[in-house]
Amino acid sequence: MRFSPGLLLLLPLLSPLAHAELVDDVFDRGELRIALEANTPPFNFKDGDKLTGFEVELGELLAKEMDVRSSFITTDDADLLPGVATGKYDVAINHIAKTADLEDQFDFSEVYREKPDLAIPFQKGNPAFKTSLDGALKRLKEDGRLKALSQKWFEGEAPTTAAPVPAQPQPAPAH
């Protein structure tokens with residue numbers, strides 16, 4: 001077989017087509033890999049062995065809206081965004097403010113909480129994933145689930161740490 005040098009000129013044009021879009025990877029796996037630190041109540045934290053908090057529930061709702069399961073990976077600050085950049089995680093939902101500096105490095109979902117503008121970063125160059133994620137977030141906003149979730153964790157009596165429930169005195173049995 002004879003190799004044509006002209007094919008070398010076409011390779012850079014074909015490479016974006018060879019790269020699967022993040023949304024395809026997520027749907028092929030059937031899960032959204034969500035990185036978080038799990039140490040900042042009420043956003044995300046562990047209650048015993050169970051992950052909980054506003055952003056954990058938000059991640060679960062978003063994954064369900066995208067028709068995949070949520071898979072949470074707890075990590076530290078040093079690995080959080082680098083892990084998203086390398087594709088180790090699909091997104092980071094860790095009360096990350098959308099800043100100009102970060103927008104140079106990542107694409108972001110629409111804002112899910114204002115003041116500061118908290119959004120979900122993911123690898124640049126994934127427009128179909130952005131459309132899917134933003135669509136899920138939009139549905140949560142429109143039907144009131146995001147507002148209810150926010151009220152539960154920020155305006156209600158949400159737990160901030162795991163605390164034992166005090167024993168209630170029991171009435172004496174009747175004789």
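The values are calculated or read from the model by the stated rules, or taken from the named source; none is laboratory data. Since the model is a prediction, treat every value here as computed from it, not as a measurement. Neighbour counts are summed over all protein chains in view; Cβ atoms, including those assigned to glycine, are modelled from backbone coordinates with ideal geometry. All accessible areas refer to the heavy atoms of the entire protein, side chains included, with ligands and DNA or RNA removed. Shrake-Rupley method; radii C 1.70, N 1.55, O 1.52, S 1.80 Å.
Legend: distances between Cα atoms for Lys64/Lys152; Lys115/Lys138; Lys64/Lys147; Lys64/Lys130; Lys88/Lys115; Lys124/Lys147; pairs beyond 22 Å are Lys88/Lys115; Lys124/Lys147. Label-to-label distance for Asp117 and Lys152 is 2.7 nm, based on points extended 7 Å past Cα in the beta-carbon direction.
Summary of the geometry: region 131-155 and region 49-81, compared by the centres of their Cα atoms, lie 15 Å apart.
Couplings for region 91-99, taken from phi via the Karplus curve 6.51 cos²θ - 1.76 cosθ + 1.60 with θ = phi - 60°, read 9, 10, 10, 8, 6, 9, 6, 6, 10 Hz in order; Gly and Pro are left as x.
At a threshold of 8 angstrom on Cα-Cα distance, excluding pairs fewer than six apart, so keeping six or more, what relative contact order does region 20-149 reach in percent? Don't skip to the answer; put the middle values down first.
Working: 209 pairs, mean separation 34.5, N = 130.
Over region 20-149, the number comes to 27 percent.
Along region 76-82 the Karplus relation, 6.51 cos²θ - 1.76 cosθ + 1.60 evaluated at θ = phi - 60°, assigns HN-Hα couplings of 10, 4, 5, 10, 4, 6, x Hz to successive residues, with x for each Gly and Pro. Taking other residues whose beta carbon is less than 12 angstrom from the beta carbon of Ala136, and scoring Lys, Arg as +1 and Asp, Glu as -1, yields -1. Note on Thr86 and Lys138: the extension gain reaches 16.0 nm, defined as 0.36 nm multiplied by sequence separation minus the Cα-Cα distance. Accessible area per residue for region 20-149, computed on protein heavy atoms with a 1.4 Å probe, is 47 Å².
Let me know the charge dipole size of region 20-149 about its Cα centre in debye, to the nearest 20, where only the beta-carbon of Lys, Arg (+1) and Asp, Glu (-1) is charged. Numbers along the way, then the final one.
Values: 17 positive and 27 negative charges, 74 e Å.
Charge dipole, region 20-149, about its Cα centre: 360 debye, nearest 20.
When a 1.4 Å probe is rolled over the protein heavy atoms, the share of accessible surface on region 20-149 that falls to carbon and sulfur comes to 48 percent. Once backbone amide H atoms are built at 1.01 Å from N, Arg113 has Leu118 as its partners under 5 Å, excluding neighbours fewer than 5 places away on the same chain. Rolling a 1.4 Å probe over the protein chains gives Thr99 an accessible area of about 60 Å². By the Kirkwood approach, averaging reciprocal distances over each pair of separate Cα atoms, region 20-149 gets a hydrodynamic radius of 14.5 Å. Of the listed residues Arg29, Arg139, the order by accessible area with a 1.4 Å probe, largest first, is Arg139, Arg29.
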